[in-house]
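Below is one structure, written out as structure tokens; comments come after it.
The values are calculated or read from the model by the stated rules, or taken from the named source; none is laboratory data. Every value quoted in this text rests on a predicted model; they were computed, and no experiment measured them. For neighbour counting, all protein chains shown are included, and Cβ atoms are generated from backbone atoms with ideal geometry for every residue, glycine included. We work out accessible area using only protein heavy atoms, side chains counted, and drop any ligands, DNA or RNA first. Shrake-Rupley method; radii C 1.70, N 1.55, O 1.52, S 1.80 Å.
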Amino acid sequence: MDIKVSTPKKEKDALHATLTVPAAAVDEAIAQVYKEIAHKYKFQGFRQGKAPRPVIDSMVGRPAVLADATNVVLEQAEPLLFHELDVVPMGQVTLGKEGENAPHVALGEDYVVDVTIPVRPDFELSDYKPVAIQMPPEKATPAEVEQQTEMLLSLQANLGQDAATAKDSKDAKDTDKEAEAADKGSKVADKGGKDTKGSKASNKTAKKSATPKLTDEIAKEAFGFESAAAFTEAITKEIQQDKDAHLGRLKETRALEALVKRLGDKKPPEAYVDEVFQENARMFMNNLQAQGQTVDSFIQMRGIKMEQLLDDMKKQAAEQALQGLALDALARELKIQPTDDDVKEEFAGVYKSDKERDRALEEFVRSGRVPAIKEAIKRQRALKWLVDNAQVTEVDEIAEKRK
């Protein structure tokens, strides 16, 4: 279907344009509806699918036929409209002049209708210079190794203390009579004796919370390493592997946080937040299904309530919406404009042949999804610029906290 679209005018968060569908496409849609009705219903005196148009008009009503044909035309034209305007709509498109219903198609005539497409707002940033962020060092630091070592030693000590407590409890059960005698003695103790009992409890807590020093003996007996040096080397390697895997994502996160701050107190439209929320929910459900889980099993395993899960997902959607709008603003400033070749590149390696790729692209055009691909490319490139140009100050954050 070939369509024509007037130059759009933007007012607030909507695009206004005029859509024109040629008469040939309109007549084809009308013929399709007549054919479907003829096959769907039985008309006396005519074989299935052979009832002429006048008979169908008299039985079904011509306005009803044209209404169905209008829906067919719009279902085919709307995605092409998005492609033509290179726009990702935010919500439902309005057809017809304000306060009026969209007109019906007419046989042998072009279909002309006013369209209003809600779109995301064009937010502006307070500054478009590279952001300044703080990052931990790329290499594992002594403070990080020391903190991780202390955590493991403390955990091991607590586990050992719990085991000792369990043994003491068993021994106490085996000596009930002695315990009863001790209890009787405690009843006649003076006030100072009661304080001593409390002091013992405090000492026990202190003992449990105390962190032992790493020695060759502890490294070998508790963790299976030949020496304290071997244990430290393993911890250092583990921290480094974690940094190599996650520092890139952390840099993106902090750069985005700094960029979003330049939006000030702007809030994303609720319609856009809902859109992001629905997409996140769909992916969440797909992931659960792939893992053989249900929502109920997920929230039970996490020890949370459904209301808390939904609230967290809503907050995440709002954050992602703001990040997207901030990246859109940066992409406009950088004049990032993906080409058709850039879109084709997104399909590279996905399909076995160029023919399959081109067929998939045609389907994306017909369904109006190409603008969304271009938008994703814009944001990816804006994010890359943001991260590549970020002014980074390295700070050993663990060492700062441990001072």
**OP:** Mind pulling the angle between the C-alpha long axis of helix 176-187 and the longest principal axis of the chain? Nearest 10 degrees, somewhere in 0 to 90.
**Re:** 80
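Distance check, please: which entries in 12/378; 243/403; 344/378; 139/237 exceed 20 angstrom between their Cα atoms?
On the way: 12/378 22 Å; 243/403 22 Å; 344/378 15 Å; 139/237 10 Å.
From 12/378; 243/403; 344/378; 139/237, over 20 Å: 12/378; 243/403.
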**OP:** Quickly work out the residue 229-to-residue 158 label distance, labels modelled 7 Å from Cα along the C-beta direction, and quote it in nm with one decimal.
**Re:** 3.2
**OP:** Assuming R0 = 35 Å, can you tell me the calculated FRET efficiency for the pair residue 86 and residue 280, based on Cβ-Cβ distance, to the nearest 0.05?
**Re:** 0.90
Original post:
What FRET efficiency comes out for the pair residue 27/residue 98, r = Cβ-Cβ distance, R0 = 35 Å, nearest 0.05?
Top reply: 0.75
Subject >> Assigned charges on the beta-carbon of Lys, Arg, Asp, Glu; the stretch 286-403 dipole about Cα centre (debye) >> reply: 140
Original post:
Of 98, 257, 144, which is the most mobile in a GNM of the chain whose springs link Cα atoms less than 10 angstrom apart?
Top reply: 98
**OP:** Specify which labelled value, from [x] 1.20; [y] 0.97; [z] 1.03, agrees with Rg/Rh (Cα atoms, Kirkwood Rh) derived from the coordinates of the model shown.
**Re:** [x]
Original post:
Can you give the angle from 0 to 90° between the axis of helix 270-290 and the longest principal axis of the chain, with both taken from C-alpha atoms, to the nearest 10?
Top reply: 70
Original post:
Under 18 Å from the 7 Å Cα→Cβ point of residue 1, by amide nitrogen: which residues of the stretch 96-111?
Top reply: 96-97, 102-111
Original post:
Computed FRET efficiency, Cβ-Cβ of residue 352 and residue 257, R0 41 Å: what is it to the nearest 0.05?
Top reply: 0.50
Original post:
How big is the charge dipole of the chain about its Cα centre, in debye rounded to the nearest 20, if each Lys and Arg gets +1 on its Cβ and each Asp and Glu gets -1 on its Cβ?
Top reply: 920
Original post:
Relative contact order, percent, of the stretch 320-403 when contacts are C-alpha pairs under 8 Å separated by at least 6 residues?
Top reply: 44
Subject >> Gain in span if fully extended, residue 237 to residue 76, counting 0.36 nm per residue against the direct Cα distance >> reply: 52.2 nm
**OP:** Calculate one ³J(HN,Hα) per residue across the stretch 114-119 by plugging θ = phi - 60° into the Karplus curve 6.51 cos²θ - 1.76 cosθ + 1.60, and present them in order as whole Hz with x for glycine and proline.
**Re:** 7, 10, 10, 10, x, 10
Subject >> Area accessible to solvent at residue 285, 1.4 Å probe radius, in Å² >> reply: 90
**OP:** Sort the following peptides by mean Cβ neighbour count (other Cβ atoms within 10 Å, averaged over residues), highest first: 234-241, 45-52.
**Re:** 234-241, 45-52
Original post:
Given only helices, namely DSSP H runs of n ≥ 4 each adding -39500 (n - 2.57), what is the per-residue ellipticity at 222 nm of the chain, to the nearest 500 deg cm²/dmol?
Top reply: -21500 deg cm²/dmol
Original post:
Taking a probe of 1.4 angstrom, what is the accessible area of residue 358 in Å², to the nearest 10?
Top reply: 60
Subject >> Gain in span if fully extended, residue 369 to residue 316, counting 0.36 nm per residue against the direct Cα distance >> reply: 16.7 nm
Original post:
Helix 370-388: angle to the longest alpha-carbon principal axis of the chain, degrees 0 to 90, nearest 10?
Top reply: 40
**OP:** Using packing as a proxy for protection, rank 376-389, 290-303 so that the peptide with the highest average count of other Cβ atoms within 10 Å comes first.
**Re:** 376-389, 290-303
Subject >> Residue-by-residue Karplus 3J(HN,Hα) for the stretch 100-109, coefficients 6.51, -1.76, 1.60, Hz, glycine and proline x >> reply: 10, 7, 5, x, 8, 5, 9, 4, x, 10
